[in-house]
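Data first, discussion second: the structure below is written as structure tokens.
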Amino acid sequence: MLNLSMNSYVIANKINAFVNLAYDLKPDFVNSHIGFNDLHYARMIPLAFKLKGFNFQGELQDWMPRLYNLKSEPVNKPIVNPEGLSAIFPALVKKISKFKNIVESLGGSFILGAKAHKIKKDNKILYRLLEKFSTNISDYNWAIDFISIRDQFNFVDTVHSSDEDSFKISNIYFKKILNIIEKDKENFLKTSII
């Protein structure tokens with residue numbers, strides 16, 4: 001098991017980490033626990049990026065001036081850019097499909113986990129995007145909708161579960177992997193032994 005996640009990663013970061021660090025290993029399973037960062041940061045990026053489906057951590061726009069002048073360059077709090085909000089979700093779905101296709105081209109199984117959160121309804125745009133994500137992935141047999149069961153978890157902040165509940169989440173992924181192996185046991189055992 002390799003954990004290639006980093007704080008504030010969006011799916012483009014995960015694809016990059018996978019291709020550069022795990023691709024040659026041809027893993028049998030790839031779990032991608034995503035959603036919150038992608039939808040949170042996508043609200044803040046410029047329209048041209050949204051329309052092309054690009055996404056990045058909003059604070060990255062401030063790194064260069066601060067690198068050379070920490071005292072006089074304040075950190076700008078990212079603000080929501082209301083333009084192009086409708087482009088966010090289709091771009092995320094496209095990137096998820098891209099990641100899934102890369103994993104499956106290597107013979108692996110891709111498991112998407114919609115990251116649970118405790119965002120309140122008064123954060124209207126983000127809450128609505130996360131609920132749409134939850135609703136849309138619930139039909140995929142290769143996905144786990146942690147958003148719809150978020151009340152089962154304790155959080156240490158808005159999106160990070162407690163250590164104890166991180167084990168619960170891991171166990172849900174483990175059961176999903178066992179289910180996949182059970183459904184295709186014969187083929188899985190052949191390819192795993194070689």
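The values are calculated or read from the model by the stated rules, or taken from the named source; none is laboratory data. Fair warning: this is a prediction, and the values are worked out from it, not measured in the lab. No Cβ is skipped: glycine too gets one built from the backbone with ideal geometry, and neighbour counts run over all protein chains shown. Ligands, DNA and RNA are stripped out before the accessible areas are found, and what is left, the full protein with its side chains, is counted by its heavy atoms. Shrake-Rupley method; radii C 1.70, N 1.55, O 1.52, S 1.80 Å.
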To the nearest Å², the heavy-atom accessible area per residue of the chain with 1.4 Å probe amounts to 63
Between (1) 18.1, 63; (2) 26.5, 92; (3) 18.3, 54, which matches Rg and Dmax of the Cα atoms in Å calculated for the structure shown? (1)
Rounded to the nearest 5, what is the percent of antiparallel bridges among the DSSP beta bridges in the chain? 10
Among residues other than LYS98 whose Cβ falls under 15 Å from its Cβ, what is the net charge (Lys/Arg +1, Asp/Glu -1)? +3
For the stretch 88-194, which whole-number percentage of the solvent-accessible area (1.4 Å probe, protein heavy atoms only) is attributable to carbon and sulfur atoms? 53
List the pairs from LYS50/LYS94; LYS118/LYS176; LYS124/LYS168; LYS98/LYS120; LYS95/LYS121 whose alpha-carbon separation is above 22 Å, in the order I gave them. LYS118/LYS176; LYS124/LYS168; LYS98/LYS120; LYS95/LYS121
So, with +1 on the Cβ of K and R and -1 on the Cβ of D and E, and no other charges, what is the size of the charge dipole of the chain about its Cα centre, to the nearest 20 debye? 420
FRET efficiency estimate (nearest 0.05) - Cβ-Cβ, LYS26 to PHE54, R0 41 angstrom: 0.90
Could you identify which residue out of ILE79, ILE102, ILE34 has the top mean-square fluctuation in a GNM of the chain using Cα springs shorter than 10 Å? ILE79
Between ASN7 and GLU186, the FRET efficiency computed from the C-beta separation at R0 = 41 Å comes out, to the nearest 0.05, as 0.55
Taking Cα atoms, how many degrees apart are the long axis of helix 163-183 and the longest axis of the chain, rounded to 10 and kept between 0 and 90? 40
Positive minus negative residues near LYS121 (Lys, Arg vs Asp, Glu; Cβ under 15 Å): +3
Quick check: the angle from helix 124-137's long axis to the longest principal axis of the chain, C-alpha only, nearest 10 degrees? 20
